[in-house]
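Below is one structure; the comments refer to it alone.
The values are calculated or read from the model by the stated rules, or taken from the named source; none is laboratory data. Owing to the predicted nature of the structure, the values given are computational and were not obtained by experimental measurement. Backbone-built Cβ (ideal geometry, glycine too); neighbour counts: all protein chains shown. Accessible surface is based on the protein model in full, side chains and every heavy atom, while ligands, DNA and RNA are left aside. Shrake-Rupley method; radii C 1.70, N 1.55, O 1.52, S 1.80 Å.
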Amino acid sequence: MRAMVLEDMGEPLRAREREIPAPGAGQLLLRVSACGVCRTDLHLVDGELPDVHTPVVPGHEIIGRVVAVGEGAEAAIGDRLGVPWLGYSCGECAYCRRGEENLCDAARFTGYQLDGGYADHVLVDHRYAFPIDPFYDDAEAAPLLCAGLIGYRSLVMCGEAEHLGIYGFGAAAHIVAQVAAYQGRKVYAFTRPGDSAAQQFAESLGAVWTGGSDECPDRGLDAAIIFAPVGALVPAALAAVRKGGTVVCGGIHMSDIPTFPYALLWEERVLRSVANLTRRDAIEFLALAPQVPVRTRVECFPLEEANAALACLREGRLTGAAVLVTGA
């Protein structure tokens with residue numbers, strides 16, 4: 001099998017040939033057809049995530065078909081499945097028993113502690129692989145598995161917010177904006193100052209206001225989601241939400257949040273983070289997406305060009321999401 005492997009932190013991925021693994025008990029072997037390129041992959045490669053053990057194959061927005069089934073695993077040869085970031089939880093700890101498996105201390109994550117989808121085969125736990133609606137082709141479906149799921153979980157954290165701000169209009173934002181509009185919410189898109197292309201993209205998806213992250217609309221927002229990994233956006237978003245409003249940080253990594261006056265948090269504003277996802281999120285969102293319908297905008301790269309795709313993401317040269325395709 002072909003794989004793009006992170007062997008040393010901060011170094012480019014290396015193309016390697018590996019033996020195709022055999023699935024153990026409860027595992028599935030998937031032939032990967034597409035894998036989205038997520039900002040979390042960039043944080044991994046750039047050494048911004050803790051406790052990374054190399055070598056590791058990144059990638060956690062996987063679309064593939066079952067080619068082998070381990071003992072006790074529930075799937076059939078040929079099933080098309082999607083594999084997200086959460087790849088394992090213990091099912092026994094207090095978090096798991098409360099339905100908070102995303103916070104499980106023993107959780108393992110695809111493309112981080114578990115080899116992921118920057119390859120043409122991947123082993124997965126059958127409990128963390130989900131059917132994909134035929135409405136989507138493989139490349140279109142891939143961003144749903146993280147950009148879509150984390151965006152959906154972030155949106156749920158916003159409650160019934162009618163006027164919703166989104167900071168950072170990339171892969172996750174372009175999906176959640178469509179869901180928010182479908183639900184009757186009004187979307188306010190904040191981009192890098194002067195990024196007219198991203199603002200036009202947001203307008204094409206129904207945003208009622210667009211502007212730079214250094215601007216504010218003429219009304220207070222009910223909630224805001226921050227997807228850009230920029231800590232300075234936290235006080236900016238708090239300043240933009242009304243009394244009692246909520247700011248949700250939707251990323252796994254963010255630069256340090258600068259000090260800010262307590263007045264920005266006072267009046268019962270809420271600041272919270274979203275960590276990972278649950279299987280319930282996956283089931284709910286993957287059922288909702290084709291009803292909206294969410295349409296993803298993707299730019300496809302051959303598997304061997306994973307480093308080029310990561311560079312495009314790092315440099316802000318993507319409109320929508322990058323997807324690696326294997327030719328399967």
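Ordering 97, 297 by accessible area with a probe of 1.4 Å, largest first, what comes out?
If we order 97, 297 from most to least accessible, we get 97, 297.
Which value, in debye to the nearest 20, describes the size of the charge dipole of the range 57-174 about its Cα centre when Lys and Arg Cβ atoms bear +1, Asp and Glu Cβ atoms bear -1, and nothing else is charged?
I would put it at about 200 debye.
Of all DSSP beta bridges in the chain, what percent run antiparallel (nearest 5)?
Taking every DSSP beta bridge with both residues in the chain, the antiparallel ones total about 50 percent.
Using a Förster distance of 35 Å, how high is the FRET efficiency between residue 232 and residue 295, based on the Cβ-Cβ distance and rounded to 0.05? Let's see the in-between values first.
On the way: r = 32 Å, r/R0 = 0.90.
Efficiency, from the Cβ-Cβ distance: 0.65.
Residue 153 accessible area, nearest 10 Å², 1.4 Å probe?
Rounded to the nearest 10, that gives 40 Å².
Accessible surface of residue 209 in the full protein assembly, 1.4 angstrom probe, to the nearest 10 Å²?
The accessible area of residue 209 comes to roughly 50 Å².
Carbon and sulfur together cover what percent of the accessible area of the chain at a 1.4 Å probe radius?
Result for the chain: 49 percent of the exposed heavy-atom area is carbon or sulfur.
Select from 277, 220, 177 the residue farthest towards the positive end of the dipole of the chain; place +1 on Cβ of Lys and Arg, -1 on Cβ of Asp and Glu, and compute about the Cα centre.
In the chain, that residue is 220.
On alpha-carbon atoms, Rg over Rh for the chain using Kirkwood Rh? It would help to have the intermediate numbers written out before the result.
Details: Rg = 19.3 Å, Rh = 20.0 Å.
Taking Rg over the Kirkwood Rh, I get 0.96.
Note down the magnitude of the dipole of the range 118-236 about its Cα centre, charges +1 on Lys and Arg C-beta and -1 on Asp and Glu C-beta and zero elsewhere, to the nearest 20 debye.
Value, rounded to 20: 280 debye.
Indicate, rounded to the nearest 5 percent, the antiparallel portion of the DSSP beta bridges found entirely in the range 186-328. Don't skip to the answer; put the middle values down first.
Working: 0 of 18 bridges.
Counting only bridges with both partners in the range 186-328, antiparallel ones make up about 0 percent.
If 92, 305 are ordered by their accessible area, calculated over protein heavy atoms with a 1.4 Å probe, which sequence runs from highest to lowest?
Greatest to least solvent exposure: 92, 305.
Ignoring ligands, DNA and RNA, what accessible area per residue does the chain give at 1.4 Å, in Å²?
Accessible surface, normalised per residue, equals 42 Å².
How big is the accessible area of residue 162 in square angstrom, nearest 10, if you roll a 1.4 angstrom probe over the protein chains?
That residue has around 80 Å² of solvent-accessible surface.
Compute, for the chain, the length of the dipole vector about the Cα centre, with Cβ point charges of +1 (Lys, Arg) and -1 (Asp, Glu) only. Units Debye, rounded to 20.
600
Where does each of 145, 318 land when they are ordered by accessible area, with a 1.4 Å probe and the largest first?
Largest accessible area first, the list is 318, 145.
Would you mind calculating the gained length between residue 137 and residue 288 on full extension (0.36 nm times residue separation, minus the Cα-Cα distance), in nm to one decimal? Please report the intermediate quantities before stating the final value.
Numbers: separation 151, 0.36 × 151 = 54.36 nm, distance 1.63 nm.
Full extension of this stretch gives 52.7 nm more.
Set the Förster distance to 25 Å, then compute FRET efficiency between residue 305 and residue 113 from the Cβ-Cβ distance, nearest 0.05. Could you put the intermediate results ahead of the total?
Values: r = 25 Å, r/R0 = 1.01.
Efficiency computed from Cβ-Cβ geometry: 0.50.
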